[in-house]
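The values are calculated or read from the model by the stated rules, or taken from the named source; none is laboratory data. Here the structure is a predicted model, which means the values were calculated and not measured. Ideal geometry is used to build each Cβ from the backbone, glycine not excepted, and the neighbour counts take in all protein chains shown. Side chains included, ligands, DNA and RNA excluded: accessible areas come from the protein's heavy atoms. Shrake-Rupley method; radii C 1.70, N 1.55, O 1.52, S 1.80 Å.
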Amino acid sequence: MSSMTTLEKVFDRVSRMTEGHHDRFINVKELTFNSLDTVSISGEMHPLKPIAQQSISNRLGIPIHYLRKCPPDIQRTNINYWLAREKNEELFFRFDGERVRAIFTPRYIPTDNIDVLERIKELDYPLDTRVQCSMDDDFMMVNIPDSRETFSINGDRMTPGISFSNSEVGLASLSISAFILRLACTNGMISKTEVTASYRHISTRILKEVPQVLSNLGQELGRQKDQFRLSLESKVTDPESTINSFNRQFQLGKGEIEAVSWALPLEYGETMFHVVNVYTKAAQYKDLPAESGYRLQKVGGTILGMVK
């Protein structure tokens, strides 16, 4: 669930969340998986968080849904069989205390959330800057509105800005995108446009170069204003059916569909403007994972970009 806060409070939260974080390169020969839930590293037992389970199954080419249906002894046999055929001598482990939070190849160069926040501060955003933030152990999204560019559409005040998103455990690459905040209800929308920049976590230049998105926001703002006006003129005769179709098209998960169903009566209307706002409102659904909130904001932006 996303909420308005300050950049300083985001810094404080990230600092608290990362107190137990540390990384190690582990020789594959030191690893023995007891099941999908635990791994022995040189004889020491470590529990695996769900993302770590996903990352090791992806690395070894074993479908995670299959593994989770297997009893522990079959999990152990499968994982250790394919681990013995791993081409890398070492794997890169990310820990939260004793728990393994993610597993990567040695080529992975992490971009930590604190590094992203430091880069934001270097862009002359003071610590008291108001931001919209959604964050959990697996994903962080920080949206920074620029009140100097606020405009109105159909009586709704909109503030554009920039969105930073990052995952320390491999759910997504560091991404920087254009952003729109609807002030009446703090619905956020992330553009899916040519100004979006995204980087894989394999290069140290990620935070050294400021993407061109920063200089292109003015041009993007004009395009978004036009799209919002078009969306108000684009009638939708059956909003429920339209939204169900979009849910399938964007392959939303069960929790995301539940969030959309919650948002529908709150933003109900028979135009594409209302459909877009259903998805941006859904990002505020209680207990929604941070990455799902980000996805729903992106779906809203993508649908807006589809309006003709």
**Pairwise label distance in nanometres, D146 with E8, each label 7 Å out on the Cα-Cβ vector** = 2.5
**Request:** Go through A282, T159, I303 and say which Cα lies farthest out towards the positive end of the charge dipole of the chain; charges sit on Cβ, +1 for Lys and Arg, -1 for Asp and Glu.
**Result:** I303
**Asked** What residue among F25, S35, L127 has its Cα farthest toward the positive end of the dipole of the chain, where the charges are +1 on Lys, Arg and -1 on Asp, Glu, each on the Cβ?
**Response** S35
**Message:** About the Cα centre, and with charges only on the beta carbon of Lys, Arg (+1) and Asp, Glu (-1), how big is the dipole of the chain? Nearest 20 debye, please.
**Reply:** 620
**Prompt:** Can you list the lysines whose alpha carbon sits under 17 Å from that of K29, skipping same-chain ones fewer than 8 residues off?
**Reply:** K87
**Message:** Accessible area per residue for the chain in Å², computed with a 1.4 Å probe and the full protein assembly in place, what is it?
**Reply:** 48
**Request:** Please quote Rg/Rh for the stretch 1-41 to two decimal places, taking the Kirkwood radius as Rh and restricting both calculations to Cα atoms.
**Result:** 1.26
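Helix-only mean residue ellipticity at 222 nm, the chain, DSSP H runs n ≥ 4 weighted -39,500 (n - 2.57), per residue, nearest 500. What is it? Mind showing how you got there, number by number?
Working: 10 runs with 120 residues, N = 308.
Calculated from helices alone, the mean residue ellipticity at 222 nm is -12000 deg cm²/dmol.
Please label the shape of the stretch 51-150 as rounded, prolate or oblate, based on the square roots a ≥ b ≥ c of the eigenvalues of the alpha-carbon gyration tensor (a/c under 1.5 means rounded; beyond that, a/b larger than b/c means prolate, else oblate).
In terms of gyration-tensor shape, prolate.
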**Request:** List, largest first, the extents of the alpha carbons of the stretch 1-106 along their principal axes, each in whole Å.
**Result:** 48, 28, 22
**Request:** Could you sort 226-239, 93-106, 151-164 so that the peptide with the highest average Cβ count within 10 Å comes first and the rest follow in order?
**Result:** 93-106, 151-164, 226-239
**Asked** Between R157 and R99, what FRET efficiency comes out of the Förster formula 1/(1 + (r/R0)^6) with R0 = 51 Å and r the beta carbon distance, rounded to 0.05?
**Response** 0.70
**Request:** Given a cut-off of 19 Å, name the pairs among K235/K308; K225/K298; K9/K254 whose C-alpha atoms lie farther apart than that in the structure shown.
**Result:** K9/K254
**Item:** Cβ-placed point charges (K, R +1; D, E -1), dipole of the stretch 1-124 about Cα centre in debye, nearest 20
**Value:** 560
**Message:** Sort 50-60, 6-16 by the packing proxy (mean of other Cβ within 10 Å over each peptide's residues), most packed first.
**Reply:** 50-60, 6-16
**Asked** In whole percent, how big is the carbon plus sulfur part of the accessible area of the stretch 54-127, probe 1.4 Å, protein atoms only?
**Response** 51
**Relative contact order of the chain, pairs being alpha-carbon contacts under 8 Å that are 6 or more residues apart, as %** = 17
**Fill in**
Taking only C-alpha positions in the stretch 28-89, Rg and Dmax in angstrom work out to 10.6, 29
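Report the charge-dipole magnitude of the stretch 1-44 in Debye, nearest 20, computed about the Cα centre from +1 at each Lys and Arg Cβ and -1 at each Asp and Glu Cβ.
100
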**Fill in**
Across 10 Å bins beginning at 0, the whole-percent shares of Cα-Cα pair distances in the chain come to 6, 25, 29, 22, 13, 4, 0
